[in-house]
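Asks: Take this structure first; my questions come after.
The values are calculated or read from the model by the stated rules, or taken from the named source; none is laboratory data. Just so we're clear, the structure is a prediction, and the values are computed from it rather than from any experiment. When we count neighbours, we look across all protein chains shown, and the Cβ atoms used for this are built from the backbone with ideal geometry, even at glycine. Remember, those area values only see protein heavy atoms, side chains included, never the ligands or the DNA or RNA. Shrake-Rupley method; radii C 1.70, N 1.55, O 1.52, S 1.80 Å.
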Amino acid sequence: MEPNQKKNYILLMIGFIAAVIIVMYVFSLRSQLQDVRANQKNYEEEIESLSSIQNTDALNTSREFLEAFFTYESTAERYNKIEPLMTD
């Protein structure tokens, strides 16, 4: 083989190896992306279920507080009604 042909052969082999590495890297990234998307879907479902629970609990607590706060005969009675619903 001539030195020029040897050089071309080596460059061709290096190019082929680089192409194989790039293809393997792309497939690795695709599989990681699929895993992330599956996790994202699970997290979105979890957030949605937790949000609906929190909204319902907060709504019920707020209604109880407002009803107790605005329906009273005296201020002492109002305070006694809302005391369990208040925070420290």
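Asks: Go through (1) surrounded by 10 or more Cβ atoms within 10 Å (Cβ to Cβ); (2) in a helix (DSSP H, G or I); (3) not acidic (Asp, Glu) and name the single condition Tyr72 misses.
Replies: Just one mismatch for Tyr72, condition (2).
Asks: Right, here's the next one. Would it be correct to say that Asp57 is modelled with pLDDT under 80 and in a helix (DSSP H, G or I)?
Replies: Spelling it out, Asp57 is indeed modelled with pLDDT under 80 and in a helix (DSSP H, G or I).
Asks: May I ask you to list the residues in the stretch 44-65 that are more than 25 Å from the chain's Cα centre (by Cα) and open to solvent by 90 Å² or more (accessible area, probe 1.4 Å)? Outline the logic, then answer.
Replies: Kept after step one, since they are more than 25 Å from the chain's Cα centre (by Cα), are these residues of the stretch 44-65: 60-65.
The answer is Arg63, Glu64.
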